[in-house]
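The structure under discussion appears below in the form of structure tokens.
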Amino acid sequence: MTITAVIHQPDFASYLGFFQRFLNADLYIVLDHVQFVHGTSKSWTHRDKIKTAQGDRWLTVGIKKPKFGTAINQVELAAGTGWIDQNLSLLRENYRRSDGWNEVFPRLETLYGKPFDLLVDFNMHFLEGILEMLEITMPTVRSSTLNPEGHKNELLVELLRKVGATRYLSGLGARGYMRPEVFEAAGIAIEWQHFVHPVYPQPYGEFIPYLSILDTLLNCGIAGTRELLWSCK
């Protein structure tokens with residue numbers, strides 16, 4: 001029996017291609033025990049981009065600044081609702097005239113409204129809400145529950161073996177550091193994601209790809225976003 005797994009950090013409201021991978025997988029291993037990356041261009045775990053009249057802009061989850069080396073699953077959310085109010089205000093300001101606004105925004109308000117202490121729990125709650133809108137069922141397991149050892153390629157193989165996966169579906173961005181021989185030795189096949197970003201209606205000029213799934217949902221609505229996803233499958 002072939003089991004295809006995706007391994008990825010529990011990022012906040014990631015882009016359309018992240019969800020497209022789930023259409024071709026059986027399991028999502030949530031990479032939550034690794035170091036939280038903060039303050040660089042690779043910091044996506046607590047933020048993603050939306051489109052505004054001034055161009056793309058970060059939509060950021062408020063966190064308490066962690067010490068260097070803190071694991072993702074130990075990062076705490078900022079106290080209070082100030083960052084939530086800012087997020088909702090930013091969405092309202094830039095999407096209230098979009099086609100999917102009336103349908104999607106109330107659902108996002110509900111997702112933001114549930115209190116959590118940890119970033120990972122908030123992100124996973126948000127992910128579950130988006131998957132529900134997209135009608136995608138995706139079992140998940142957190143890497144922190146698997147007590148894995150190793151780093152980089154060896155860590156990925158260890159996680160895949162622990163869940164019984166025989167195929168690893170990876171994004172193209174990983175090609176630079178992947179060592180296929182490590183996976184081959186473990187009897188695990190690597191499959192590369194094939195995703196061509198579709199163009200859909202956006203306000204404020206020229207289309208910007210690779211924004212948060214929230215941009216897609218608010219501009220295209222739930223049914224429209226599903227259609228885009230399946231057209232990319």
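The values are calculated or read from the model by the stated rules, or taken from the named source; none is laboratory data. What you see is a predicted model; the values in this text were computed from it and never measured. Note that we place each Cβ from the backbone using ideal geometry, even for glycine, and neighbour counts take in every protein chain shown. All accessible areas refer to the heavy atoms of the entire protein, side chains included, with ligands and DNA or RNA removed. Shrake-Rupley method; radii C 1.70, N 1.55, O 1.52, S 1.80 Å.
Work out how much length H194 to T140 would gain on full extension: take 0.36 nm times their residue separation and subtract the Cα-Cα distance, in nm to one decimal.
Result for the pair: 17.2 nm of gain on full extension.
7 Å from Cα along Cα→Cβ at both R92 and Y177: what's the point-to-point distance in nm?
Each label point lies 7 Å from its Cα, and together they span 4.0 nm.
Angle check, please: helix 101-113 long axis (alpha carbons) against the longest principal axis of the chain (alpha carbons), in degrees 0 to 90, nearest 10.
Compared with the principal axis, the helix lies near 60 degrees.
Quick one: angle between helix 152-162 and the longest Cα principal axis of the chain, in degrees between 0 and 90, rounded to 10, please.
80
Taking the Cα centre of the stretch 34-89 as origin, work out the dipole magnitude from +1 charges on Lys and Arg Cβ and -1 charges on Asp and Glu Cβ, in debye rounded to 20.
In total the dipole reaches around 160 debye.
In debye, nearest 20, what is the charge dipole magnitude of the chain about its Cα centre with +1 on Lys and Arg Cβ and -1 on Asp and Glu Cβ, if you could check?
Value, rounded to 20: 380 debye.
Lys/Arg Cβ at +1, Asp/Glu Cβ at -1, dipole of the chain taken about the Cα centre: which of L31, P10, G173 is farthest positive-ward?
It is G173.
Under a 10 Å cutoff between Cα atoms, tell me which one of A53, A71, A13 has the largest fluctuation in the Gaussian network model of the chain.
A53
Which option, [x] 36, 20, 16; [y] 30, 22, 15; [z] 23, 22, 20, is the value of semi-axes √(5λ) of the Cα gyration tensor in Å that was calculated from these coordinates?
Recomputing semi-axes √(5λ) of the Cα gyration tensor in Å here gives the entry labelled [y].
Placing unit charges on C-beta atoms (Lys and Arg positive, Asp and Glu negative, everything else neutral), compute the dipole magnitude of the stretch 72-150 about its Cα centre in debye, rounded to 20.
180
Can you run phi through the Karplus equation (6.51, -1.76, 1.60; θ = phi - 60°) for the stretch 125-134 and list ³J(HN,Hα) in whole Hz, with x for Gly and Pro?
For the stretch 125-134, the Karplus-derived couplings read 4, 5, 4, 4, x, 5, 4, 5, 4, 7 Hz, x marking Gly and Pro.
Sort out the exposed loop chymotrypsin sites (Phe, Trp or Tyr not before Pro) in the chain (DSSP loop, at most 15 other Cβ within 10 Å) and tell me the longest stretch that has none.
Longest gap between qualifying sites, sites excluded: 1-67.
Calculate how many DSSP beta bridges within the chain are antiparallel, expressed in % of all such bridges and rounded to the nearest 5.
Roughly 45 percent of the DSSP beta bridges within the chain come out antiparallel.
Can you give me the long-range amide H partners of K49? Hydrogens built in the peptide plane at 1.01 Å from N, cutoff under 5 Å, separation of 5 or more residues or another chain.
L59, S212
How much accessible surface does M178 have with a 1.4 Å probe, in Å² rounded to 10?
Solvent-accessible area, nearest 10 Å²: 20 Å².
Using the Kirkwood radius over Cα pairs, work out the Stokes-Einstein diffusion coefficient for the stretch 1-42 at 37 °C and 0.692 mPa s, in µm²/s as a whole number.
Diffusion coefficient, whole number: 277 µm²/s.
Run the helix sum for the chain: -39,500 (n - 2.57) per DSSP H stretch of 4+ residues, divided by residue count, reported at 222 nm to the nearest 500 deg cm²/dmol.
It comes out at -11500 deg cm²/dmol, rounded to the nearest 500.
Please work out the Cα center distance from the stretch 60-79 to the stretch 171-233, rounded to the nearest Å.
Centre-to-centre (Cα) distance: 26 Å.
Any chance you could look up the accessible area of T137 with a 1.4 Å probe, heavy atoms only, rounded to 10 Å²?
The value for T137 is about 130 Å².
Say the dipole of the chain comes from +1 at the beta carbon of Lys and Arg and -1 at that of Asp and Glu; which of I188, T52, T40 then lies farthest toward its positive end?
Going by the Cα projections, it comes out as T40.
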